[in-house]
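One structure below.
The values are calculated or read from the model by the stated rules, or taken from the named source; none is laboratory data. Just so we're clear, the structure is a prediction, and the values are computed from it rather than from any experiment. Every residue, glycine as well, gets a Cβ built from its backbone with ideal geometry; the counts of neighbours run over all protein chains shown.
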Amino acid sequence: MSRSLPWPRSLLLENRCGLRYSIPKVHPKAQRALHMPLHEASSSRSERLRALHDDRRGYPERLYTTEILPLNNANIRFVGEGEEPLFEAEVEVEDKTHTDFLEQASHALHNSHLVAIPTETVYGLAGNALDPDAVGKIFSAKGRPADNPLIVHISDKRMLRDLCPPNFQLSAVYGALIDAFWPGPLTLLVPSNETQVPSVVRCGLPTLGVRMPSHPVARALIAHSKLPLAAPSANVSGRPSPTTSDHVYSDMTGGDQSKGRIPYVLDGGPCRVGLESTVVDGITAPGQLRILRPGGVSVEEIYAVLEKEDLLAQGSETSPQKVEVQVYGKELVRDSSLESNPTTPGMKYKHYSPDATVILLIARNHGTAKSVENVKGPQDVIEEQVRCFQKEENRHVNVGLMSKDGSALTMQLLGSSIPTARLWSPVQKDRYSLYGYSLGDLSSPGEAAHRLFDGLRTLDEGFMGIPRCDLIFVEAPDDDSGVGLAFLNRIQKAASQTIVIAM
Ligand code: TXA
Ligand code: MG
């Protein structure tokens, strides 16, 4: 049975997911820009930009009354068949409502409609990867540039086999990575079966990005529908990726349930990882494993698996099985021709960006900032940025700060008390008010990653007593190891500048 949630649905989500998920649905700026002809848009710079962006984006040819279908992970089980459990997965669902919801979503997918799905990384905007009409709708519903290929999500290895050319053999390296990280946040580029997979999914590239998500709801829908699902992150292009069904609902309806771009959002709770999958290319450059996008599986974890399986090339050693690892942003230098190279189309776009101006703060003793001198303390940096802002708009400024509990930065700017539900009590100054959003405990980099996109959205859109912030300062992770590399990659794409501070 389908269930249409009454308006407003924020309280329902609050009960189910905890008090973080009651953000108001109507983002006033998005709402105005989405439903207003371009010439009527307000003259403020960001609204004009937003309206331009929206105008170019366009809706799919029809609108939907978007329904949210809540599913509980505990009711979903996978039963492996064949020689190995990942080869042919069957899904078992215990209760009738869940079966009905999966059936409804599956029916929509078989009829070229889109369904937003939870994954362990971020929510995805899914359509049948083998259906060019559905894939076209993904691009228009997101406003996605036409040269940015989609990742295809599978529920078992049989689907992987069907997406690749019949003669394709998995390399030992790919085999080891699949055994270690699937289902999970790792995307592998494989050669594409050109007769099976429409060219529009991969934007004409010879390779296809494939991953097996570990979120039970995503995997259950794939297995139930028996369809490989093309799914980019379910945000409107350029916005921070969605990590709750609420974020998706806001982007895909603009706050008006009857003007949705998609018929269903499957709600599987907040995403565990909070940043997208790691994208790995082991086929374009022989002897190399290229990490094109850092993500939920860390570079160190990949090294550890290859080392254990003796698949890392050492020095000048040549072996057909072994690889040298190259990491985008490290060995594969940023800003080089790689930014616009077609093997990493997504990396050249400005992503993850809210309307507010985002500024990354890096402490002077941070690995990447050692040589910088004459730096100011955080208080002075914020005041300087506030003054700059006031030159353009002469008014009191709302400033957001995303930082870790107990860090030197937090202690200086917000004090040592404990934030409630991730939010600090505001600090009032003459020219500005400072609103703190907690990135979690100093010792949990994974928690900072988990909260990053939600923090950007919360401070950008306003939330329970917090106004929409004009400037958002984000504390950099301590280093670029582990999930810190993915955090840095995403925040550098959202930020308009990085400022080194004396700490
Ligand atoms: O965690 C994730 O990967 C999420 C969830 C929904 O699975 N999906 C996601 O998709 O982040 P998207 O479309 O937002 O980002 C996909 C990235 C883009 O940077 C794209 O350029 C790259 O993967 N990509 C996809 N296919 C590719 C290909 N054949 N060659 C090179 N890069 C590819
Ligand atoms: Mg994305």
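Key figures for this structure:
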{"quantity": "Residue in the range 91-102 that is closer than 19 Å to residue 65 by Cβ and either within 16 Å of ligand 2 (Cβ to nearest atom) or outside any loop (DSSP other than H, G, I, E, B) (or both) present", "calculated": "yes"}
{"quantity": "Hits in the range 173-190 (condition: within 17 Å of residue 287 (Cβ to Cβ) and either among the aromatic types (Phe, Trp, Tyr) or buried (at least 18 other Cβ atoms within 10 Å of the Cβ) (or both))", "calculated": "173, 174, 176, 177, 188, 189"}
{"quantity": "Condition met for residue 126 (part of a strand (DSSP E or B) and either in contact (Cβ under 8 Å) with a residue 24 or more places away in the chain or farther than 18 Å from residue 221 by Cα (or both))", "calculated": "yes"}
{"quantity": "Selected residue [over 22 Å from residue 365 (Cβ atoms), part of a loop (DSSP other than H, G, I, E, B) and basic (Lys, Arg)] from 451, 468, 457", "calculated": "468"}
{"quantity": "Residue that is nearest to ligand 2 (Cβ to nearest atom), among those in the range 103-123 that are among the hydrophobic types (A, V, I, L, M, F, W, C) and not in a strand (DSSP E or B)", "calculated": "122"}
{"quantity": "Test: residue 152 is more than 15 Å from ligand 2 (Cβ to nearest atom), β-branched (Val, Ile, Thr) and not in a loop (DSSP other than H, G, I, E, B)", "calculated": "no"}
{"quantity": "Enumeration of residues in the range 203-242 that are within 8 Å of ligand 1 (Cβ to nearest atom) and among the basic types (Lys, Arg)", "calculated": "211"}
{"quantity": "Pick from the range 345-355, criterion within 16 Å of ligand 2 (Cβ to nearest atom) and modelled with pLDDT of 65 or more, ranking: nearest to the chain's Cα centre (by Cα)", "calculated": "352"}
{"quantity": "Which listed residue, of 399, 358, 386, is modelled with pLDDT of 95 or more, in a strand (DSSP E or B) and over 25 Å from residue 277 (Cβ atoms)", "calculated": "399"}
{"quantity": "Any chance residue 409 is farther than 22 Å from residue 120 by Cα, aliphatic (A, V, I, L, M), part of a helix (DSSP H, G or I) and in contact (Cβ under 8 Å) with a residue 12 or more places away in the chain", "calculated": "yes"}
{"quantity": "Within the range 205-221, tally of residues that are part of a loop (DSSP other than H, G, I, E, B) and either crowded, with 24+ Cβ neighbours inside 10 Å or free of Cβ contacts under 8 Å to residues at least 40 places away in the same chain (or both)", "calculated": "4"}
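One line per residue, one yes/no per condition, for (1) within 12 Å of ligand 2 (Cβ to nearest atom); (2) under 26 Å from residue 358 (Cβ atoms); (3) crowded, with 24+ Cβ neighbours inside 10 Å; (4) without any contact (Cβ under 8 Å) to a residue 12 or more places away in the chain:
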| site | (1), (2), (3), (4) |
| --- | --- |
| 224 | no, no, no, no |
| 234 | yes, yes, yes, no |
| 242 | yes, yes, yes, no |
| 253 | no, yes, yes, no |
